[in-house]
Amino acid sequence: MSTSLRTLATGALLALSLAVAPSAATAADAPPADPAPEQIGQIEQFYESGAWARETTQVTDRATAFLRERIRRASDPRRLVAVFDIDDTALSTYDCMKAGAFTDGRRTACVVLDPHPPIAQTLRLFRFAQQRRVTVAFVTGRPEYVRTTTLAQLRKAGFRGRYELVLRPSEDHRSSVVPFKSSARKRLQRGGRRVVLNIGDQASDLAGGAAQRTFKLPNPMYTLP
């Protein structure tokens, strides 16, 4: 990691840690239990056997085929919107999570500490949409104050060109991202645009409507509300 990116990440991690401090959580919002040793082995086997890559390719191939057909029928592809999640949809945190035994605390750190590699299948879908003038937007549960770090990570991973980046307001402390993400997609549809594709690795990325078709990538490492 470069010195500048490390400096940004360190500051962002401090703020992110404060935002999710246990004193602010209720019993209902408590973090999920960390995986047992046998679960860790299953997670590693799923990723390192090639199963994760195969399933991810199947999902993004279906998404590409769907988007190609929507573009073919569109009078103006710029009015079509493709929405992407970031963590473990566009950027992979697997190596970082594995180094920390897939704990929930490690997930918080992994958001900003490492310049994560791209998920190649998602990057291809992203470029497919861009090259055909579809409006591309990232809608992420990352808080607004990690915008600079997030932009740097996306650029380093190859997600470049024109896109919109929608981060969760720093004052939004609701336990679920569903209200924020569904509201963000609705805002993206203003001015005659339509969200035709929404892709993420969590059910909560896709819940709440405001998208013609949803596509879920596999992620056995964690579940977010």
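Rule-based calculations on the coordinates, nothing more; no lab input. Quantities reported herein were computed from a predicted structural model and do not represent experimental measurements. Quick reminder, even Gly has a Cβ in these numbers, built from the backbone with ideal geometry, and neighbours come from all protein chains shown.
Extension gain for the segment residue 38 to residue 71, taken as residue separation times 0.36 nm less the Cα-Cα distance, is 7.4 nm to one decimal.
The residues neighbouring residue 40, those whose beta-carbon lies less than 15 Å from its own, together hold a net charge of -3 under the Lys/Arg +1, Asp/Glu -1 convention.
Computed from backbone phi with θ = phi - 60° and the Karplus coefficients 6.51, -1.76 and 1.60, the 3J(HN,Hα) list for segment 114-126 is 10, x, 5, x, x, 7, 4, 5, 6, 4, 5, 5, 4 Hz; x is used for glycine and proline.
Axis of helix 3-19 versus longest Cα principal axis of the chain: the two differ by about 80°, to the nearest ten degrees.
Here the chain is treated with +1 on each Lys and Arg Cβ and -1 on each Asp and Glu Cβ, and its dipole about the Cα centre works out to around 1680 debye. Relative to the dominant Cα principal axis of the chain, helix 178-188 is inclined by about 30°. The label point for residue 163 and the one for residue 120, both projected 7 Å from the Cα toward the Cβ, are 1.8 nm apart. Over the residues of the chain, the helix contribution to mean residue ellipticity at 222 nm works out to -14500 deg cm²/dmol, using -39500 (n - 2.57) for each DSSP H run of at least 4. Over all other residues within a Cβ to Cβ distance under 12 Å of residue 208, the charged ones net out to +2, with Lys and Arg as +1 and Asp and Glu as -1.
Here the Karplus relation 6.51 cos²θ - 1.76 cosθ + 1.60, evaluated at θ = phi - 60°, turns the backbone of segment 66-72 into coupling constants of 5, 5, 4, 5, 5, 5, 4 Hz, with x for every Gly and Pro.
A simple rule links phi to the HN-Hα coupling: the Karplus curve 6.51 cos²θ - 1.76 cosθ + 1.60 with θ = phi - 60°, which for segment 204-221 gives 5, 5, 10, 6, x, x, 6, 7, 5, 9, 10, 9, 10, 7, x, 7, x, 6 Hz, with x for Gly and Pro. The mean sequence distance of close C-alpha pairs (under 8 Å, at least 6 residues apart), as a share of the length of the chain, puts its relative contact order at 25 percent. The residue list 177, 140, 130 was ranked by how far each Cα lies along the charge dipole of segment 118-187 toward its positive end, using unit charges on Cβ atoms, and 130 comes out on top. Amide hydrogen proximity for residue 119: with H placed 1.01 Å from N in the peptide plane, the residues at 5 or more positions away or on another chain lying under 5 Å are 91, 92. Rounded to the nearest 10 degrees, the angle from helix 37-48 to the longest Cα principal axis of the chain is 30 degrees. Calculate how many DSSP beta bridges within the chain are antiparallel, expressed in % of all such bridges and rounded to the nearest 5. Within the chain, antiparallel bridges account for around 5 percent of the total.
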